[in-house]
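What follows is a short report on a single structure.
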Amino acid sequence: MLLNALTNYLQNQPGPSELKNSAAEATTPISDVEKASTDNSLGLYEVSNRAVMVSAVAAEFNISELPPEQLEAFQNRLEEFGLIDRVGISALSLVHTARRDIEDGDNTINAKAIVDKAYQASAEPGTSYSQRQQIQQLHTLFSNIDSARPH
């Protein structure tokens with residue numbers, strides 16, 4: 001259902017000819033833009049594809065209470081939407097290894113807290129540049145997913 005909504009959204013994006021028309025509109029004098037912006041008829045804000053994909057993942061998975069059996073599906077969804085690459089998958093191993101540390105009574109993983117803790121630890125001396133970069137990218141992605149989560 002969610003994938004259908006995303007596909008529908010992406011199919012309804014403007015085509016190349018419509019982009020040329022909007023480029024011509026972008027060259028209007030500043031006074032026209034100021035006048036039009038008061039009634040917001042130009043629609044100056046457009047949601048990026050990445051924001052839509054992050055919102056879709058956030059609607060499907062709660063990274064603060066992620067069941068261990070959903071980790072693989074979560075990773076697959078991130079890869080499918082192009083939100084994570086080979087470097088990000090390597091950093092995501094932090095969350096996968098956290099499954100071993102789950103206590104018997106607890107059946108969820110707080111992936112956001114794990115990544116936040118790793119992000120803080122990566123700021124300390126002794127962390128390699130590549131590790132720091134991996135964690136920073138994953139931290140940014142998880143922060144975006146968490147902020148897009150409907151509360």
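The values are calculated or read from the model by the stated rules, or taken from the named source; none is laboratory data. All figures in this text were calculated on a predicted structure; none of them were measured in a lab. Backbone-built Cβ (ideal geometry, glycine too); neighbour counts: all protein chains shown.
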| said: Return the pair list, or none, for Cβ contacts closer than 9 Å from residues in segment 45-62 that are under 17 Å from ALA111 (Cβ atoms) to residues that are hydroxyl-bearing (Ser, Thr, Tyr), at least 6 apart or on different chains. | reply: VAL54/SER147; ALA58/SER147; ASN62/THR108
| message | With the requirement that a residue be part of a helix (DSSP H, G or I) and surrounded by fewer than 15 Cβ atoms within 10 Å (Cβ to Cβ), what does segment 118-131 give you? | response | GLN120, ALA121, TYR129, SER130
| request: Specify which of the listed residues (SER93, SER128) is without any contact (Cβ under 8 Å) to a residue 40 or more places away in the chain, over 20 Å from ALA58 (Cα atoms), of a type in the set (Ser, Thr, Tyr) and in the same structural domain as ALA56 (by TED's automatic domain parsing). | output: SER128
| query | Taking ILE114 and the conditions (1) touching a helix residue (DSSP H, G or I) at 6+ places or on another chain (Cβ under 9 Å); (2) touching a residue at least 40 places away in the same chain (Cβ under 8 Å), which numbered condition does it fall short on, given that it satisfies the others? | reply | (2)
| request: From (1) at pLDDT below 85; (2) among the small types (Gly, Ala, Ser); (3) in a helix (DSSP H, G or I), pick out the condition that doesn't hold for GLY105. | output: (3)
